[in-house]
Amino acid sequence: MAKKQNNDKSLENWIWDAACSIRGAKDAPKFKDYILPLIFTKRLCDVFDDELDRIAKEVGSRKKAFALAKADPKLVRFYLPLEPDDPEQPVWSVIRKLSDQIGENVSSHMREIAKANPKLKGIIDRVDFNATVHGQRELDDDRLSNLIEAISTKRLGLDDVEADIIGKSYEYLIRKFAEGGGQSAGEFYTPPEVGTIMSRVLQPEPGMTVYDPCCGSGGLLVKCEIAMEDCADTEKPAPLKLYGQEYIADTWAMANMNMIIHDMEGEIEIGDTFRNPKFRSPTGKLRTFDRVVANPMWNQNWFEEKDYDNDELDRFPAGAGFPGKSSADWGWVQHMHASLNKQGRAAVVLDTGAASRGSGNAGTNKEKTVRQWFIDHDLIESVLYLPENLFYNTTAPGIVLFLNRDKPKDRQGKVFLVNASLIFEKGDPKNFIPENGIQSIADTLIRWKEEEKLSRIVDREELKKNDYNISPSRYIHTGEAETYRPIGEIVAELDAIEAEAKETDKALREILEKLGL
């Protein structure tokens, strides 16, 4: 095991050093759209070389192997139309030996690879390595040459590195980009320990379908596959059927590369899931899955009431529906619930305010109304309160909401709450949950294990008495200094109240205008 960890570390160091070869660690995240496809292509080239060598052993030479693969691309995973002058040379050498118009030629080679492999269309060929900004090359040939040379120093073939190791290293690189990505980082990356907890608690089984409606770089789907393989009884279990949709084109490409480099099969669609979910049944209804995972952007204010009213897929039931303009958190939860089959389970990361906004306020609150609908229909299995400063686009802690459409009888009418706010270690630039903490939290959630200052089973009557507040911090105090609700949670609730008041004032003015008053 120690050797495997060293291999992981060695590859991670190499992959980050290669990224930094452009202009140092500070600027590396700016160039992720160039770096990720190149490392992905290096993996494809080296695997193709291994497959050519396998064919060559049977037919006598690499030259014949090239000819056979060209005539029948199904002989290899991905056929790469990159043939060196000397067929004994590595396929990657075609790119490595470029000395003139490097950016233009790399882009050309990427387009040729995509043309030969429809599965890679729009994924590997979407970046222009010759792109200019205000007349200046964004990545000039000298720096591109340095990057190619840095990537060339390590072989990534089947005999050199296992899919899970290169996959972990690729995820490591995505995480390093997220560290420097500021507010945009949360759009494509969920901290791995959060994804690991979600996947272990959902316990996906071989052959199951798993869906992420806003999949980012695909990390949560990958975590589900890993969790399934770790718990499977057989050495080679039936793989999960992975499905995802992503709105941002560059991130969609990143998710596809991430799936392939992990050697996993997945179907990633591009588009706005909220307004146009791509996964439909043959009759046009919303497709349903065994497991759903997601970390949607928190508190989106992009969607109007008409987006909910115009929905033809029965995602927003009467009694729930529009949660208010200021936050679509519970809109996403409704979409995920509608995407579950009758035995389906889901895990979604939300802002902490989604658990409590509106509770304790005079009058009605749309977000609380939706939350109440989920509690009254006994769909919420558990809620996990996370530590602060885990996520890359906020210091807020966040929660994980677990849904179950088929709760066991002994759990019906109850919700399990876990306050894990103190289970973390300080990190730079972000805190993290250590492996023993990850396993402890997952075990607690799986077993519904009550523990003082950590977890509690709360029945529906108590939730009702607390005006449908499901925040674990409301019911579980972790110490004397934390007998009050977190300030961030209170501020978020005040913001929601203010936004709700503005909506009400606007509606009232419109009515008065119609009445001529």
Projected label distance in nm at ASP307 and ALA249, using a 7 Å step from Cα toward the beta-carbon: 2.1 nm
For THR478, THR395, THR196, order by how many other beta-carbon atoms lie within 10 Å, fewest first: THR395, THR478, THR196
Mean residue ellipticity (222 nm) of the chain, computed from DSSP H runs ≥ 4 via -39,500 (n - 2.57), nearest 500: -13500 deg cm²/dmol
Positive dipole terminus of the range 221-348, leading residue within TRP252, VAL292, ALA238 (C-beta point charges): VAL292
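What is the sum of charges, Lys and Arg at +1 and Asp and Glu at -1, for the other residues whose Cβ falls under 10 Å from the Cβ of LYS63? Write out the running numbers ahead of the final one.
Values: positive: ARG62, LYS64; negative: GLU83, ASP86, GLU88.
Charge balance in the 10 Å sphere: -1.
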Environment charge of ARG345, counting only residues whose C-beta is closer than 13 Å and scoring Lys/Arg +1, Asp/Glu -1: +2
5 angstrom amide H check on GLY344, placed H, neighbours 5+ away: ARG405
Relative counts (whole %) of C-alpha pair distances in the range 205-320, using bins that are 10 Å wide: 13, 41, 32, 13, 2
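How do PHE316, PHE78 line up, fewest other C-beta atoms within 10 Å first? Each step should come with its number before you reach the end.
Numbers: PHE316 21, PHE78 18.
Ascending Cβ contact count within 10 Å gives the list PHE78, PHE316.
When a/c is below 1.5 the answer is rounded, else prolate if a/b is larger than b/c, else oblate, so apply that to the range 293-353 with a ≥ b ≥ c taken from the square roots of the Cα gyration tensor eigenvalues.
Values: a/c = 2.15, a/b = 1.10, b/c = 1.95.
Oblate is the answer for the range 293-353, as a/c is 1.5 or above yet b/c matches or exceeds a/b.
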Rough spin-label spacing in nm, given labels placed 7 Å along Cα→Cβ, for LYS57 and ARG275: 5.4 nm
Gain on full stretching of the segment that runs from LYS342 to ASP467 - 0.36 nm per residue minus C-alpha separation: 42.2 nm
Candidate lysines for bridging to LYS97, where Cα separation is under 17 Å - those fewer than 8 sequence places away on the same chain excluded: LYS42, LYS154
For the range 314-355 versus the range 56-94, the gap between their alpha-carbon centres in whole angstrom: 50 Å
Amide hydrogen neighbours beyond the local backbone of MET264, cut-off 5 Å, H modeled: none
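Rounded to the nearest 0.05, what FRET efficiency do THR395 and LYS74 have when you use their Cβ-Cβ distance and R0 = 45 Å? Numbers along the way, then the final one.
Numbers: r = 50 Å, r/R0 = 1.12.
Rounded to the nearest 0.05, the efficiency is 0.35.
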Percent breakdown of C-alpha pair distances by 5 Å bin, ordered from the shortest bin, for the range 2-175: 1, 8, 17, 20, 20, 16, 10, 5, 2, 0, 0
Summed residue charge, Cβ within 13 Å of GLY122's Cβ, Lys/Arg positive, Asp/Glu negative: +1
Per-residue ³J(HN,Hα) for the range 193-210, Karplus 6.51 cos²θ - 1.76 cosθ + 1.60, θ = phi - 60°, Hz, x for Gly and Pro: 5, 5, x, 5, 4, 4, 5, 5, 5, 6, 6, x, 10, x, x, 5, 9, 10
J(HN,Hα) series, the range 280-286, from Karplus relation 6.51 cos²θ - 1.76 cosθ + 1.60, nearest Hz, glycine and proline x: 10, 7, x, 8, x, 7, 5
For the range 197-225 versus the range 11-33, the gap between their alpha-carbon centres in whole angstrom: 28 Å
For the range 390-396, 3J(HN,Hα) per residue [Karplus equation, 6.51 cos²θ - 1.76 cosθ + 1.60, θ = phi - 60°, Hz, x = Gly/Pro]: 8, 8, 7, 10, 6, 8, 4
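Taking the beta-carbon count within 10 Å as an exposure proxy, list MET198, MET264, MET297, MET110 from fewest neighbours to most. Don't skip to the end; give the middle numbers.
Details: MET198 27, MET264 20, MET297 16, MET110 23.
Ascending Cβ contact count within 10 Å gives the list MET297, MET264, MET110, MET198.
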Long-range HN-HN contacts of GLN245 with modeled amide H, under 5 Å: ASP212, CYS214, CYS215, GLU269
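Every number in this text was worked out from the coordinates using simple rules, so none of it is lab data. On a predicted model such as this, the values are computed, not experimentally measured, just so you know. We place every Cβ from the backbone using ideal geometry, glycine too, and count neighbours over all the protein chains shown.
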